[in-house]
Amino acid sequence: MARYADPGLVDWVESGGGPLVVVPAAVLASWEGADGEGPESDYGRACSVVGYARLVAVGSSQALVLGDEPSSTAFLPEHGVFVRWVAAESEADLLGGVEAAMKDADWEGEQVWEVPGPVVLFDSAWPGSEVEPDNHMRVDLAAGRYELRAALAQPHSLTTFQLVRLLPLR
């Protein structure tokens with residue numbers, strides 16, 4: 001995980017160049033990353049995702065691929081949102097714009113994601129069985145169905161980020 005301030009405000013997960021993926025912990029070992037065969041490897045499927053966020057099958061569940069750019073990503077549990085750093089002068093500048101951006105966002109791509117419980121955010125090239133303490137983040141989601149929506153926010157001329165929101169469905 002990366003820190004952008006000392007101490008950092010939140011933990012960030014970075015990519016080696018490809019998309020990040022959020023895989024339910026219950027099926028983490030089913031994610032083969034780039035180790036799979038041919039263009040149908042899990043990493044290949046993640047790289048083919050178009051847009052900010054899409055679901056792909058993994059094991060008996062689905063993984064959330066955070067597409068578009070290999071942006072550093074954090075999860076803000078108080079907002080139920082993954083925030084993806086596109087451009088900002090500081091971590092504080094970026095995070096300071098999240099709350100207002102969530103209210104004003106032009107949300108797109110409504111999808112429903114059923115998760116069996118906690119999920120793990122990491123670089124999609126890694127096999128799920130090989131995540132290490134410094135290259136992933138566990139997010140303690142409650143089991144259930146979530147509405148997924150994504151948006152691009154630019155609260156200031158020098159600050160741009162993506163939001164991927166998880167709204168619990170009843």
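The values are calculated or read from the model by the stated rules, or taken from the named source; none is laboratory data. This is a predicted model, so every value here is computed, not measured. In this analysis, Cβ positions are derived from the backbone assuming ideal geometry, glycine residues included, and neighbour counts consider all displayed protein chains.
Residues in region 43-94 that are in a loop (DSSP other than H, G, I, E, B) and aromatic (F, W, Y): Y52 alone. V21 fulfils the conditions (1) more than 17 Å from E130 (Cβ to Cβ); (2) surrounded by 14 or more Cβ atoms within 10 Å (Cβ to Cβ) except for a single criterion, (1). For region 70-116, filtered to residues that are closer than 25 Å to V23 by Cβ and acidic (D, E), the residue that is modelled with the lowest pLDDT is E110.
Looking across region 38-57, just one residue is polar (S, T, N, Q) and within 17 Å of the chain's Cα centre (by Cα), and that is S48.
Looking at region 95-152, none of the strands (runs of 3 or more DSSP E) lying wholly inside it contains 1 or more residues that are in contact with a Cys (Cβ under 8 Å, 6 or more places away or on another chain) and surrounded by fewer than 16 Cβ atoms within 10 Å (Cβ to Cβ). Tell me whether region 58-75 contains one or more residues that are surrounded by fewer than 20 Cβ atoms within 10 Å (Cβ to Cβ), more than 11 Å from the chain's Cα centre (by Cα) and among the hydrophobic types (A, V, I, L, M, F, W, C). Within region 58-75, not a single residue is surrounded by fewer than 20 Cβ atoms within 10 Å (Cβ to Cβ), more than 11 Å from the chain's Cα centre (by Cα) and among the hydrophobic types (A, V, I, L, M, F, W, C).
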